[in-house]
Each structure stands twice: as structure tokens, then as C-alpha cells.
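The values are calculated or read from the model by the stated rules, or taken from the named source; none is laboratory data. Just so it is clear, the model here is predicted, and its values are computed rather than measured. Cβ sites come from the backbone with ideal geometry, for glycine too, and all protein chains shown count toward neighbours. The protein model used for the area step is the full one, side chains on, heavy atoms only, and it has no ligands, DNA or RNA in it. Shrake-Rupley method; radii C 1.70, N 1.55, O 1.52, S 1.80 Å.
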Amino acid sequence: MKRAIIKNLLQQDEFNQKVLVKGWVRNRRGSKNVAFIALNDGSCLNNIQIVVDFSKLGEEVMEGVSVGASLSVEGMLTESAGGGQKMEVVADKIEVLGVADPEKYPLQPKKHSLEFLRDIAHLRFRTNTFGAITRVRHAMIFAIHKFFNDNGFYNIHTPIITASDAEGAGEMFQVSTLDFKNPPLNEEGEIDYKQDFFGRKTNLTVSGQLEAELAALAMGQVYTFGPTFRAENSNTTRHLAEFWMIEPEVAFNDLNDNMDLAESMLKFVTQYALDNCMDDLLFLSKRLKDEEKGKKANEQSMELIEKLKSIVDNDFVRLTYTEAIDILRNSKPNKKKKFDYIIEGWGADLQSEHERYLVEKHFKKPVILIDYPAEIKAFYMKMNDDGKTVRAMDILFPGIGEIVGGSQREERLDVLQAKMKAMNIPEEEMWWFMDTRRFGSVPHSGFGLGFERLILFITGMNNIRDVIPFPRAPKQAEF
């Protein structure tokens, strides 16, 4: 008999048929004559109830059936006489596939803290919370690929090992096969990377953008969806050392086109979550409400489903950095010095508290900020005619702050060369990037979406380490 997926069983209305289900025991209860097993196979949030009649199967059939054990159950699918479920399986045969020592199995049917679950990340998929997050994460991966495919984009794989630093941050993980204890040295007494595997110093990528630009300037519109790495020694709830990025690049697009694309994509994937993940979202919404019960009303988050609908239903506010600075400088938190970083004037690098104030307090809807000071943005962003701002854009979301960062790219060779010189970026190492400006350059734009930040928003979770299966952070690479 072919195994039935529990999600599919729960969606049908055909009873009195033989079925085979397999899964893990979430709970068991019973009396002298009968036992009830809550079985879950990961396909959905809900369990299916297994009814075990001892007069038919004997009590010994329950040997090894404890929370965490894996079972194979054959039986009759029937309408449930009890409350809480519309169907159940009356067991004819139970086979224990894998036991779970009830004295040692850490996931008993009770509430566990997220901190505890991070320490057992190899098992946390089995909880309702992380099952829901994993299913939502999968749906968002599919939705992103669907959006770009339906809009005529080509997906490309950009290199994980690179010799360039797209962001100019310098916080990169080095890749080397040299002997750490006795590395080869050159005549200057420095490490001779010519003898390394790639013949030069290489790192794990911080972005696929530069390579995506190369493809876009031939293919028209492309996107990447891959892992990126930052060796930033940060232990905040918003930072990971390894995370995933979505980076579209589009030839002939200006900044307005770029904003339209990003807004459309964010609305599409949010609507996809509402259409396809409602059971998991309702569970996560209730979980968030329970978590915030002790907070004051003005400190509580917006209800999760309502928050997601607000993204779909509202046009994003678009304003310049200069306008945002004026709003922030004159805001009550700034005047009363309640911001950790007080806004004194133009040129300040906005922090998360400023971004969230604009979204959550001032406009109460998503915001796209444009035209940032050139000094606080990357070298590849197109300079505006004022000579001091660039055609950058950041999209700010409630509860998150910046979720998307992008720009119109600088396509003029002479301007790009001058900016690279001013920022001490060696042109000879970027000759391949400069060639795209020498041969058939066109205006073009793109952006980066941090996938885990999107999942934080969609799920209502508060710590980015809880929305990626195996988080990598300082001193954390256990699993």
C-alpha cells in the first residue's frame, strides 16, 4: 500500500478507506481500553489521530510508542466521533520504525524556549513553530522563483568564491589551502598568495551583484538567489554570517523602474504567503500574541495577518533621504533624545530605529527612501546631477527596518573611474567590471533582498537565527 501524506488526507472527504500513514508521535494519551496517538509527518501543521483499540490489537502494540518515536500505521480512515478533528485512523497494524527514549528525548509536549531550541537545532524541525517556519520558507523560495520566471527573468548562479568585495566592507571569510603554520612568503615577507589554490587571495562572496550585472548587460534581466557571507562579529537578532540573497539586475531600468520592480515582487510574495500558508500563519500569529501578552498595547506588534495584508493593500511611500532627515530631525524621539543615535543633520547614516520610526510611527506603511549621500553608499551607485547624492533606494518594512537595498548603477565609465579612485578601489582588479562600461554600456538597476529578513517579516519571528535551518553566527557552527 502506498503511503498517504497526512496533509492530503486531511483535505479530503472520502472516509471508510484503508490507508497507510507514517510519521512521528507528537503526543499519546488513553485509558485501559483505547489509546490515541497524534501523528505528524511534517507535511502540515495538523496531526492525524490514530485510534488504537486494545481489544483488537492488544496493549503490547504500544510498546515503544512514545513522543518522538516514528511509526508506520495501517488502518481505516473514518469520521471522528470526538471534537478537534474531522477524521481519524482506526489502526489495524502499528509498526515502530524508530524508538525515542522518553527519558532522553528533549522535545516533550510542552512549551520550549527558542533559546533552548537553538541548542538542539537538529531536532527543532519537529516542533510546530519550526515546522511552520520551514514550510513558509519553502513557499517563499518558490514564490520568488515564480515571480521572476513569470516576468521573463533568467536565474543565474554567481560564484561563491570570489576575489572581489562588492560592498567594499572588507569583512569577508578568506578561502585558502595554504599551510597556516608555515605559509609561503614573498620577497617582501608577506604571504605569497600566488602559491595558493587560485593563485591569488580569495574570499567567500558578500554579494552576487557585480557578476549579475555582467549577465544583465547581455541577457536583459537576470536574478540570483544564493548564499552570501559576512565575517561581521555581530551577535544581534538581525545578523547572520551566512544568509541568502535575491539580487535582480535589469538592463535599461532606471531608479523608478527599480522601485516598481521591488514593490511588485514584495507584494507578490506576501500575497503568495497569504494564499498558500494560512494555517501556518495563523499558528505563528497566535504564537506572537502569546509571546507579547505581558507587553503594553503600544509595544505590541501588529497582528501578523493584518501586517501582511497592509503590505499588499498599500502603495509604498516614496521620499528622498533629505525629506526623511527633516522628518526625523523634527520628530519627538529625536527632540527628546530618545533615539540612541540623535539625528543632527544631513549626512547621517540612518539606523534601524530611524527606519522603523518612519515606517511604524510616521507613515504607518512601507517606505522607499531614495537619493542618499554618496559618502555613505557603495561606489557603483549612479551619481545624481547635484554631485553629492546617488540614485540609491532602501525599502523599509514594519518590524524590520531595511529589507531591500538597491540602486541605479553608474554606467558612465569616467564617473565610475573617479569614484573608484576616491574610494581607493583598485581599477586593475576590476578590469572585467569596467569592460561592461567600455563596451555597450547602458543605464541599468538592481537590488538585493535579504531572504532571512523577508522570512522574519512573513513569520513574525524576532530573531533571524530562528528563520534559517542552521544559523551561522560568531562562535556558532555546531550543526
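Would you work out the relative contact order for the chain, in percent, from Cα pairs under 8 angstrom that are 6 or more residues apart? 13 percent. Keeping the other protein chains in place, figure out the carbon and sulfur percent of the accessible area of the chain, with a 1.4 Å probe. Whole-percent figure for carbon plus sulfur exposure: 49.
When both bridge partners sit in the range 208-271, DSSP labels roughly 100% of those beta bridges antiparallel.
Taking the DSSP beta bridges with both ends in the range 306-457, the antiparallel portion is around 85 percent. If you filter the range 310-393 for GluC sites (Glu not before Pro), then keep DSSP loop positions with at most 10 other Cβ within 10 Å, what is left? Here the sparse-neighbourhood loop sites are E344.
Can you pull out the GluC sites (Glu not before Pro) in the range 33-74 whose DSSP state is coil and whose Cβ has at most 12 other Cβ atoms within 10 Å? Please report the intermediate quantities before stating the final value.
Values: sites: E59, E60, E63, E74; in loops: E63.
Passing sites in the range 33-74 are E63.
Size descriptor for the range 369-479, Kirkwood hydrodynamic radius: 16.3 Å (Cα pairs only, one decimal). If both residues of a DSSP beta bridge must be in the range 1-121, then about 90% of such bridges are antiparallel. Given axes a ≥ b ≥ c from the Cα gyration tensor, I'd like to know whether the chain is rounded (a/c under 1.5), prolate (a/b larger than b/c) or oblate. Prolate. For the range 1-149, the dipole from Cβ point charges (+1 on Lys and Arg, -1 on Asp and Glu) about the Cα centre works out to 620 debye, to the nearest 20. What shape does the range 248-378 take by its C-alpha gyration tensor, where a ≥ b ≥ c are the square roots of the eigenvalues and a/c under 1.5 counts as rounded, a/b above b/c as prolate, and the rest as oblate? In terms of gyration-tensor shape, oblate.
For the residue pairs K335/K388; K377/K419; K267/K307; K335/K361; K307/K364, alpha carbon separations beyond 18 Å are given by K335/K388.
Label-to-label distance for N182 and K295 is 5.8 nm, based on points extended 7 Å past Cα in the beta-carbon direction.
Rounded if a/c is under 1.5, else prolate if a/b beats b/c, else oblate: with a ≥ b ≥ c from the C-alpha gyration tensor eigenvalues square-rooted, which is the range 50-164? Don't skip to the answer; put the middle values down first.
On the way: a/c = 2.84, a/b = 1.84, b/c = 1.54.
In terms of gyration-tensor shape, prolate.
A dipole drawn for the chain from +1 and -1 charges on Cβ atoms has a positive end, and of P471, L449, M393 the residue lying farthest that way is P471.
Which whole-number value in Å² is the accessible area per residue of the chain, probe 1.4 Å? Numbers along the way, then the final one.
Values: 24000 Å² over 479 residues.
Spelled out: the 1.4 Å probe surface of the chain, per residue, equals 50 Å².
Put simply, the amide H of R409, placed in the peptide plane, has neighbours under 5 Å in K382, H444, S445, G446, leaving out anything fewer than 5 places away on its chain.
Per residue, the chain reaches -8500 deg cm²/dmol at 222 nm when only DSSP H runs of four or more residues are counted, each adding -39500 (n - 2.57).
Relative to the longest principal axis of the Cα atoms of the chain, the long axis of helix 255-276 makes an angle of roughly 0 degrees.
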